[in-house]
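The structure under discussion appears below in the form of structure tokens.
The values are calculated or read from the model by the stated rules, or taken from the named source; none is laboratory data. Since the model is a prediction, treat every value here as computed from it, not as a measurement. Note: ideal-geometry Cβ built from the backbone for every residue, glycine included; neighbour counts use all protein chains shown. With ligands, DNA and RNA removed, areas are computed over all heavy atoms of the protein, side chains included. Shrake-Rupley method; radii C 1.70, N 1.55, O 1.52, S 1.80 Å.
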Amino acid sequence: MSSPVPGSPYAERLARLRAELAARRLDGFVVPISDEHMSEYVGDYAQRMAWLTGFGGSAGTAAVLPEKAAVFVDGRYTVQVRDQVDGALYDYVGVPQSSVAEWLGAHVSAGQKVGYDPWLHGIDWARGLEAALAAKGASLVAVDANPVDAVWDDQPAPSDAPVSIHDVELAGQAAADKRAVIADWLKTNDLDTTVMTALDSIAWTFNIRGEDVSHTPVGLSFALLHADATADLFIAPEKVTAEVRAHLGNSVRIHDRSAFEAALADLKGKKVAVDPDRAVAAIFTALGAAGATIARRRDPAVLPKAIKNATELDGTRAAHVRDGVAVSRFLKWMEETAPLGKLDELGAAAKLREFREAGGVLKDLSFDTISAAGPNGALPHYKVDETTNRAIETGTLYLVDSGGQYTDGTTDITRTIAIGTPTAEMCRRFTQVLKGHIALATARFPKGTRGSQLDILARQYLWADGVDYAHGTGHGVGAYLAVHEGPQRIAKPAGGQAGTEEPLHAGMILSNEPGYYKAGHFGIRIENLVVVVPQNIAGAEEEMLGFETITFAPIAQNLIDAALLSGAEADWLDSYHAAVFEKLSPGMDEATRAWLAAACAPIDREPAAIAA
């Protein structure tokens, strides 16, 4: 349990929230990391849990009662939450081992009222918590205004940045054509309207992009799409320029974002599709009160957005070559600079961004760079700041997970490098991770295969040694959109993780990122992005798929124990490095090209001695 940080504001903030709850005759309140769109990454105005508790992760929840409070995080943040959140104020609760409903059910008393903001939670979550509280004689109360906002004096306002047009030359399909497909889907399912709330779905459907959420190019908005192929877009008017208005056309009616809830009341008698995984509870309540017939259906943009068209794939491939040049320049710089002993995590992350910006077309990072030295690398979702910033020291591993947003594609790459001479343990684990990476990269599988069926390929060599990693192996990636995109995922089927049972389709982009983490010592991860592509196999009796690797940057050969590689694995590595050099070297100066040639040389299949 952590001790209170001197001068920390979090005790005072918790006390103010409790006073506000008491004034509203509430005994508790639930504070998620969420927004009105149930986004993974949220705007600064919606960072309520971070403001209240100090937790800086991207997934988590806090629950506050008069005498107790708790924070709920999954295994990615077990260490981080203890570093950032005062254990004297909050219990630390792991999920999915426990849950908000279970913890509240154990601590509430009969007659108590627990509040929640229905614009920040899903309907099924709300109904589940309502039932858990009712079993203890307590009740769940939907609040009209969020009490955290009432005590957050300097809460930022939502972004007012204008949205921009995502040209069809990049999108590969006109927005009107996308809406026509959705209209056909509505008619086929005897539906009148679908409610679209996911920001990346709206951006994709209308071929627009925004700047309202850090690292994800979306604009704050809601949409109603109708069976006649018209649409209502709810967005702050000042965000819509004349050019964007002309791009949207007469079939898209534009309203203020604040008018969305009232517009739901106008759907009386309509058959309305709503995605329970992406639409908040307040939307279901409003539609029910209006007398609409609600059909639970997945957001119709989710699957076509995930299955990239040829234009999107060509753009993404180009973005990865451009990004690979920047990452390779950084790796060369690290090799030259880190051994001098004057570099820290923040400095390395800043330099990597500098290399990406030097290309002149970077729009943003695709997420906060994970720049992790030594034991910080053992935290899979570590986020460096001034308080955690660590020197990059000789004899350690350095893990860097980063990505860029370009108008033609989104990148995400992880490389692990040794600063000085690695130990035998480091090399063994790195090689096992690499073998798993290669096994997944070279997999061939029948159409209809799920991510859960492939996950073991990446883990098998670690499992053979009795070790594992506590995160998924692969997530979907957008096309100049969210770096984490569903519905596809490669992960263990257990734990209720969404996406693992989604069939993989040609055109989907996923990450391939097995890892290993030794708490308190080091972390290893190797991540490339792959595209699902058809496989032509002579004599095949099934329609087969496989992966095309589209990320290009050298993999650290001084961390590979070649004795552990099969001939086929060594061949894959040599072929991959040949492709890295072929694609990246034309964009490099002579010195960097020479470095890349050495980094991409065929692996020495007679392993050298490795430090004990």
All but one of (1) loosely packed, with under 13 Cβ neighbours inside 10 Å; (2) of a type in the set (A, V, I, L, M, F, W, C); (3) outside any loop (DSSP other than H, G, I, E, B) hold for I537, so report the exception by its number.
-> (3)
Among the residues of region 163-182, write down those that are part of a helix (DSSP H, G or I) and either surrounded by 14 or more Cβ atoms within 10 Å (Cβ to Cβ) or out of contact with any helix residue (DSSP H, G or I) (no Cβ under 8 Å at 6 or more places or on another chain) (or both).
-> V168, L170, A171, A175, A176, D177, K178, R179, A180, V181, I182
Quick one: which of W185, W204 is closer than 30 Å to K363 by Cβ and outside any strand (DSSP E or B)?
-> W204
Of the criteria (1) surrounded by fewer than 15 Cβ atoms within 10 Å (Cβ to Cβ); (2) modelled with pLDDT under 95; (3) farther than 24 Å from N376 by Cα, which one A11 fails = (2)
Every residue from region 427-456 that is open to solvent by 50 Å² or more (accessible area, probe 1.4 Å) and without any contact (Cβ under 8 Å) to a residue 24 or more places away in the chain | Q453, I456
Does A138 fit the bill of being farther than 30 Å from K305 by Cβ and aliphatic (A, V, I, L, M)?
-> yes
Expected single match for crowded, with 23+ Cβ neighbours inside 10 Å and more than 25 Å from the chain's Cα centre (by Cα) among L199, L225 is L225
Meets criteria (surrounded by fewer than 19 Cβ atoms within 10 Å (Cβ to Cβ) and at negative phi) for E569 = no
Any idea how many residues of region 252-282 are within 29 Å of the chain's Cα centre (by Cα) and part of a loop (DSSP other than H, G, I, E, B)?
-> 6
Could you please let me know if D124 is under 25 Å from the mean Cα position of the chain (by Cα), assigned to a helix (DSSP H, G or I) and surrounded by fewer than 19 Cβ atoms within 10 Å (Cβ to Cβ)?
-> yes
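Rundown of residues vs (1) open to solvent by 60 Å² or more (accessible area, probe 1.4 Å); (2) basic (K, R); (3) within 25 Å of E36 (Cα to Cα); (4) not in a loop (DSSP other than H, G, I, E, B), yes/no style:
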{"site": "V79", "(1), (2), (3), (4)": "yes, no, no, yes"}
{"site": "G87", "(1), (2), (3), (4)": "no, no, no, no"}
{"site": "P118", "(1), (2), (3), (4)": "no, no, yes, no"}
{"site": "V141", "(1), (2), (3), (4)": "no, no, yes, yes"}
{"site": "A150", "(1), (2), (3), (4)": "no, no, yes, yes"}
{"site": "Q155", "(1), (2), (3), (4)": "no, no, yes, no"}
{"site": "A161", "(1), (2), (3), (4)": "no, no, yes, no"}
Test: S98 is within 23 Å of the chain's Cα centre (by Cα), surrounded by fewer than 20 Cβ atoms within 10 Å (Cβ to Cβ) and outside any helix (DSSP H, G or I) | yes
Scanning region 48-68 for residues that are crowded, with 19+ Cβ neighbours inside 10 Å and not in a helix (DSSP H, G or I) gives G54, F55, G56, G57, G60, T61, A62, A63, V64, L65
Under the condition of being open to solvent by 80 Å² or more (accessible area, probe 1.4 Å) and at pLDDT 95 or above, which residue from region 590-610 is nearest to T431 (Cα to Cα)?
-> P602
Strands (runs of 3 or more DSSP E) fully within region 319-426 counting 3 or more residues that are open to solvent by 40 Å² or more (accessible area, probe 1.4 Å) and closer than 29 Å to A562 by Cβ = none
Inside region 462-478, the number of residues satisfying the requirement of being in contact (Cβ under 8 Å) with a residue 60 or more places away in the chain and of a type in the set (F, W, Y) is 1
Go through region 278-301 and give me each residue that's under 24 Å from L504 (Cα atoms), surrounded by fewer than 21 Cβ atoms within 10 Å (Cβ to Cβ) and touching a residue at least 40 places away in the same chain (Cβ under 8 Å).
-> R297, R298
